[in-house]
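Down below is the structure, laid out as structure tokens.
A short reminder: the numbers here are calculations on the coordinates, not readings from a lab. Being a predicted model, the structure only gives us computed values, none of them experimental. Every residue, glycine among them, receives a Cβ derived from its backbone with ideal geometry; neighbour counts consider all protein chains shown.
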Amino acid sequence: MEKVLLKNIDNPDSARIEAYEKSGGYSGLKKAFEMEPKAIIEEVKRSGLRGRGGAGFPTGMKWDFASRDPKFPKYLLCNADEGEPGTFKDRPLLEKRPHLLIEGMIISAYALKAEYGYIYLRGEYPHAKVVLEEAIKEAYERGYLGDNILGKGVKFHLSVHQGAGAYICGEETALIESIEGKRGQPRIKPPFPVNVGAWGMPTVVNNVETLSNIPYIIEIGGEAYSQIGNPECPGPKLFSISCCVEKPGVYELPMGTPLKEIIYEHAGGIKGGRQLKAVIPGGISTPVLTPDKIDCPMDFVNLPKVGSMLGSGAIMVFDDTVCMVKVCWRAIKFFEHESCGKCTPCREGTGWMRSILERIEGGFGREGDIELLQDVAMSIAGKTFCPLGDGAANVVLSFIRSFTEEFDYHIKNKKCITQ
Amino acid sequence: MEFLKEIEEILNRYPDRQGALLPSLYVAQKEYGWLSQESYEAVAQALNLPPATVKGVATFYAMYKHKPMGRHLIQLCTNVACMVMGAERLVDLLKNKYGLEPGGTTEDGRFSLVIMECIGACDKAPAMLVDTDFHADLNEKRIIEILESYK
Amino acid sequence: MIKLTIDGKEVELEKPVTVLEAAKKAGIRIPTLCYFEGLSPFGGCRLCLVEVEKLPKLQTACTLMAADGMVVRTETEQIKAARRAMLEFLLINHPLDCPYCDKAGECELQDLVAKYGPEAGRFAEGKRQHPENFDDPIIVRNMERCVLCTRCIRMCNDLQGAYAITVTGRGSHSFVEPFSGGKYNCEYCGNCLTVCPVGAIMSRLHRHSYRPWFVEKEVETTCGYCGVGCSLILQMREERIIRTIPRVGLGLNNGLLCVRGRFGYDFVESRDRLSTPMINVNGELRPVSWQEAYEFVIRRLKEIKETHGPTAIGGIASGRCTNEDNYMLQRLMRFVIGTNNIDSTARLYYAPAVAYLEQIFGQGITANLIPGIANSDGALVIGGDPTTINPILGLQIRALWRSGGKVIVVGAPGGLKRFASYEVVPRPFAEEIVLSAVVSRLVKEKELKGELTHLEEKIKGLKEPAEGDLQAAGVSAETIDRMVTDLKAMETPVIVIGPELLQHGRPSKNLFLTAALAYAINARMFVLSERPNYQGVIDMGCLPDMLPGGRPIDFEMFRHKIEETLGKEVPQNKGLNLFEMIDAAADGRLKALYVMGEDLLFSLPGREKTRKALEGLDLLIVQDIYLTETAKMADVVLPAASWSEKDGTFTNLERRIQRVRAGRTISSGRPDWQIVSEIARGLGDDKVFSSAHDVWEEVIHISPLHAGLSYEDISEGKAIWPYHGEPLRGVEGEFDVEGLDSLPKVDTDAIILNMHRPLYHSGSTSRRSKALISIFPEPVLMMNPSDAKGIGVEEGEKVRLATSNASIEVKVKIDRDLQQGVVSLSNTFEGVNFMRFVDYTVEPTTGSMVITNNSVKLEKVKE
Ligand SMILES: Cc1cc2nc3c(=O)[nH]c(=O)nc-3n(C[C@H](O)[C@H](O)[C@H](O)COP(=O)(O)O)c2cc1C
Ligand code: SF4
Ligand code: FES
């Protein structure tokens, strides 16, 4: 498949506007400006594009809601918080293809009649900040941003808002709070951001990758786009693959590429030819899969059928030398650290689970700990304010479900099965 | 004053003053080295926000520093991918070689170490940021070589 | 109409509410913790989870809006398990120190666990440790007990607007803290104490001495500090107030209080309280029996009346005393002794202001509802900080601003700093120029209604400031434009005026200007009132020219009516006002003065003049709860019962009459009305009053304004203007303005000493509250940073402050919001009080005082 998102990525100047324009960049924008904003939204709806931030919400529908709200100004926020452990797929877009994102945002803003945009960039990407700010400057200079874009009377202002180390700010309402200069805790929904978002105004939050798909959709048309990959959730998709594979990295493949193909063909198989033990398919919050499930196509509809989720498409591969209790412990430690503290079960429960896992991992596990862990996880699952807590509970439940013996072994033998 | 001028510029990008808080805290952190009570007050004053609000926001985020830091800040990731690829050994190494504990600063004030959650470099794990420089594919030898170039 | 089913019950709703509120309506209690009525929903504690048909996940009832056709279940096994789980989570890090915790018995967590909780916790690790913090004199924080419901934060930010506390950190390392991390530096409203469901934020005042079941009785009363008149509940045990609390739904404060109301109650227990009557024998006050004291007073008053006539006697009523007390003093003076020489410190600005405005508009013009302010769309605040003078009124203005209204503050913004659309800060006392400019412009752009021709005539004669005048006042023409535009656009504006405007420059002109403005934009007016009962003092007739009910003395009709009803003669000529009494005492015309609940030496400027005048009296009777500076000069001192020790009523600044009730049944003094009544009887009065209620019965008998207004009506909250009685109509009309066609000269060089009105103090009463003193312990001079720099002082260093009256060394506190060229000092601490430094003149038109000799010399004190 021809690369759409990672096109030209090997060109050292890929981030510069000249290189981008030379390879056909900003032509989607020009085409879009010939269309009615409504028609763009229709085109995106027709494309079947679903959000790449994790939840997979149909992008066209989200835009439709926001554009129907009569309040102005509207805001377009790009979610570049990329905090889900294992995920690094937005990073090449941000560092190497900033203009693709900017073009996508301008088209989206035009469709939504949004006049202001922010790229919420995680603080851990200082280099991306420099690149993006330079690219935005270039775009202003070329008249792609400003009060009267390309003389077409379209107004859109864009800037980078740097996050400061809080995973929860990837959640869209927490992200909005954070842009407003507040503690990044999620808001009560409804009202949804499309009606009451940043500074109380209709707001669309989209992932970097989602927005980077927009110029292509405009270019080839929604219909053609909807034929790429799995028609139920079409399009090119970036997969970031890491841990025990030969060639970790970001791969652009059609949505629905089987997990097995990605691991063994694209990523070169398990490192050192070792045995595959477990795969987390969509970032740390998604339930872990055992090797028998890897035939599954990687997309929003098929992964749930095997008990997991596509999430951010971040594949973490573990071979037989890796201790599952330890991975689980480290994952939960992450959730504890990142719990915003707003709701009781997540704030208190993640720490409790971590401490139980810590003692199991450290060889101090007690009988009944597995049941206790499951019980605590069940007490969290479905009862938290936002999906972060659910994620934590799912990790524990899926790890225990898939690797009960390993947990048991740890408790009984005070050491790891891998040792 | 440079500080106020920078904040004034930031304010242009936001519809209200609180919007400018996160970037202003970065400016203050740059100016003061870390976020002291005094720097919260300076930001509060510049943005006409209550100091308690400023502090509440600042302490929510892990990348603002609430105590003095060494000359160079090592932000080492130990999340799952980095852990699996050996980050824990690097933490031990820093402890042994520089006497550097997570959250601590070397006696000579050269390095501070902060343990990070995922920094989005899992394909090149283990990875770290030193100040704003990114370093990946670390191992015990490489990390020392890299750190030795920061004086 | 929304119809839904909750636990099988059909619930019908008129307007959309949350499932929680809908359930409450149906009598179904869903447990909650982070929910608090009146605060924005939070949805964090997860205790109110319910099942909703068709929704896959459990929902929080406190955030979910009830929708038509919804089927909700609140008591399923799944729900019970979820609640148990949430409580178990909350207890993980919660110390199980209930026997030691002051909250026990009224702890929401304890109650919830008892009802829904797990029998035992399964958490085996160590709990989070966080030592109790005692850095603050008033508030102790125990963050181990905190459940992070954020009720305190939402209260502090969203209702109080102090933004003093925040959650720092995140996750399980979240802690509620004031900025410093220890001491609070806040408004000390204590409203966070009200909402904290557990023992995490507690008052130190009753530490380890309070348990809900210790409370022997609760007495509903009205706060004795300021003119707002908040309702509060005294919780009593063994004759002591162990706590005062507000209650949601009670009174105009509806669950809120300010620092004085909440923490200042202990002044009644001050060691300074007088416990026995005293008579001055050869320059020394000696304890005597009540009988002796009464006999002395009666004998001396008789003698003086016989020798010098009734007009040689005068009385000073008190804005801190009840209506009944004040009525009785007025009665003694008028109907028993036979003089109209009665006045009070309401004279310092409040009474003249109200009288002047009523002269223009008619009686009751300032009687507007405080809780209505928040619903207005704009406010102009001028001449004082409502958030410190009348804090709960101030909150209404903050709320107005929050809901999108415009708030324009003229003068230093004080507590409205973050709640004003903008501030206009003219040079000291140049408000007259700003107002003149605004009014002149406004009437050019907006046609007047033609209703009040006497007012419109005057407006026509107003001199409009020229560009240069505005420049001298330190205000730009654009600012005036902006004000005019904004004021014109307001549909339901309020104008709030305060003492600064009325005690400086030309009070009549300033009042006229605000009246003209109010008339032009149709504003409701509020006059800030520093004492709980200044309005009552006026309404009870403690004025030299007004009878009870605000009836002018020179109308024969009113005098006659009282004479008929009471069978007593009413003296015909206007009496002397406060300042005239001082003058008359100084030149020997006044021989006896009966001062009730007022420390004249402390409260009035021109201390030396007052002292000399009082010295010249043949008889000075001081009835007070403390041995004040004035009392020390008295011939006889009569100890009074204090607020919380007597019954009666107060009338607040919106003219709402509210009950004051005794919590303590014993007192080292006697109720003021009772003392006065005893003296009246000795002077030949035949009427026996055996309770405050008896007194009130007479009030409603003779004051047409209060006709038929029983204590029951008052208790039920019906005593809101204009009552069932009749306001006086038809006497308003012509009025005078000083300097209509001129503008004041602005002195740009002087440093002016102004009165600081700290939130924590109200003068000599608050000084006797240990709690309030611990917050604001010593006199400080507030200075603008550039003025401080000008003389090279920094915060905490001392300056010598001098006028020709006094000179004192005092610590400096920097206040960024203070105008340049103004320093301010509160009237709180004996010897270092504001009034000691300044003098006054009286503006003839209004009879209001104008502070003079307020230009000060300042120099740094070298250590
Ligand atoms: C705890 C949490 C973390 C999230 N982090 C991210 C993130 O880092 N990046 C992102 O794009 N979306 C993240 N999301 C999803 C966003 O809430 C939101 O769905 C997304 O930005 C919408 O964009 P999309 O429709 O283009 O996917 C997160 C959601 C949750 C609940
Ligand atoms: S689940 Fe609750 S505590 Fe956790 S991040 Fe979401 S809102 Fe915050
Ligand atoms: S009361 Fe509903 S979540 Fe706390």
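Values computed for the structure shown
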item: Positive minus negative residues near C:TYR100 (Lys, Arg vs Asp, Glu; Cβ under 14 Å); result: 0
item: Phi to ³J(HN,Hα) by Karplus 6.51 cos²θ - 1.76 cosθ + 1.60 over the stretch B:31-44, Hz, x for Gly, Pro; result: 5, 9, x, 7, 9, 8, 3, 4, 6, 4, 5, 5, 5, 4
item: Whole-Hz couplings from phi, Karplus 6.51/-1.76/1.60, listed for the stretch C:520-537; x for Gly and Pro; result: 5, 10, 6, 9, 8, 10, 10, 10, 4, 10, 7, 10, x, 9, 4, 5, x, 4
item: Sum of -39500 (n - 2.57) over DSSP H runs of 4+, divided by residues of chain A (222 nm, nearest 500); result: -12000 deg cm²/dmol
item: Within straight-line cross-link reach of C:LYS458, lysines at Cα separation under 26 Å, skipping those fewer than 8 residues along the same chain; result: C:LYS444, C:LYS446, C:LYS449, C:LYS488, C:LYS509, C:LYS745
item: Within straight-line cross-link reach of C:LYS862, lysines at Cα separation under 30 Å, skipping those fewer than 8 residues along the same chain; result: C:LYS183, C:LYS789, C:LYS798, C:LYS811, C:LYS813
item: Exposure proxy order (Cβ contacts within 10 Å, fewest to most) of C:VAL676, C:VAL494; result: C:VAL494, C:VAL676
item: Order of A:LYS333, A:LYS38 - criterion: other Cβ atoms within 10 Å of each residue's Cβ, fewest first; result: A:LYS38, A:LYS333
item: Among A:SER67, A:SER285, A:SER379, residue whose mean-square fluctuation peaks in a GNM of chain A (springs only between Cα atoms under 10 Å); result: A:SER379
item: Under 20 Å from the Cα of C:LYS561 - lysines, other chains or at least 8 residues apart; result: C:LYS574, C:LYS687
item: Other-chain or far-sequence residues with amide H under 5 Å of C:ALA707's (modelled H); result: C:GLY725, C:GLU726
item: Lys, Arg +1 and Asp, Glu -1 on Cβ, resulting dipole of the stretch A:1-140 about Cα centre, debye, nearest 20; result: 380 debye
item: Chain A: angle of helix A:324-338 to the longest principal axis, Cα-based, in degrees nearest 10; result: 50 degrees
item: Folded to 0 to 90 degrees: helix C:77-92 orientation relative to chain C principal axis, Cα; result: 60 degrees
item: Chain B, helix-only ellipticity at 222 nm - DSSP H runs n ≥ 4, -39,500 (n - 2.57), divided by all residues, nearest 500; result: -13500 deg cm²/dmol
item: Alpha-carbon centroids, the stretch C:802-861 and the stretch C:143-198: separation in whole Å; result: 36 Å
item: Estimated dipole of the protein assembly as shown in Debye, rounded to 20 [Cβ of Lys and Arg +1, of Asp and Glu -1, Cα centre]; result: 2020 debye
item: Contact order relative to length of the stretch A:369-419, as percent, for alpha carbon pairs under 8 angstrom and 6 or more apart; result: 29 percent
item: Charge-dipole axis of the protein assembly as shown as Lys and Arg at +1 and Asp and Glu at -1 on Cβ define it, positive-most pick from C:LEU759, B:HIS72, A:ALA135; result: B:HIS72
item: Under-5 Å amide H pairs with C:VAL424, H placed in peptide plane, nonlocal only; result: C:VAL409, C:VAL410, C:GLY411
item: Net charge dipole size for chain A [Lys, Arg +1 and Asp, Glu -1 on Cβ; Debye, nearest 20]; result: 480 debye
item: Contact order normalised by residue count of the stretch C:96-238, Cα under 8 Å, 6+ apart, percent; result: 26 percent
item: A:GLY235 long-range amide H proximity, modeled H, under 5 Å; result: A:ILE228, A:GLY229, A:ASN230, A:MET255
item: Among C:312-320, C:31-39, C:68-76, B:115-123, the order from most to least packed when residues are scored by Cβ within 10 Å on average; result: C:312-320, B:115-123, C:31-39, C:68-76
item: Residue mean of other protein chain beta carbons inside 10 Å, C:159-167; result: 5
item: Listed residues A:TYR409, A:TYR118, A:TYR20, most fluctuating in chain A (Gaussian network, C-alpha, under 10 Å); result: A:TYR409
item: Ascending count of other beta-carbon atoms within 10 Å, so fewest first, for A:ILE41, C:ILE814; result: C:ILE814, A:ILE41
item: Rounded to 5, the percent of DSSP beta bridges in chain C classed as antiparallel; result: 60 percent
item: Value of relative contact order over the stretch C:350-527, rounded to a whole percent, pairs C-alpha under 8 Å and six or more apart; result: 30 percent
item: Sorted peptide list for C:781-792, C:204-215, criterion being average Cβ within 10 angstrom, highest first; result: C:781-792, C:204-215
item: Number of partner chain Cβ atoms within 10 Å, mean per residue of A:157-165; result: 5
item: On Cα atoms only, tilt of B:87-98 relative to the major axis of chain B in degrees; result: 90 degrees
item: Estimated [θ] at 222 nm from DSSP helical runs (n ≥ 4, -39500 (n - 2.57)) normalised by residues in chain C, nearest 500; result: -8000 deg cm²/dmol
item: Separation of alpha-carbon centers, the stretch C:316-341 and the stretch B:16-81, rounded to whole Å; result: 62 Å
item: Peptide A:78-85, shielding by other chains (average Cβ, 10 Å cutoff); result: 2
item: Selection from C:VAL336, C:GLN396, C:ILE382 lying farthest towards where the dipole of the stretch C:331-422 points positive, charges on Cβ; result: C:GLN396
item: Residue-wise HN-Hα coupling along the stretch C:441-453, computed from phi with Karplus coefficients 6.51, -1.76, 1.60 (Hz; x: Gly, Pro); result: 5, 4, 6, 6, 9, 9, 6, 7, 6, x, 7, 10, 5
item: Positive-end residue of C:GLN572, C:GLY790, C:GLY821, charge dipole of the protein assembly as shown with Cβ unit charges; result: C:GLY790
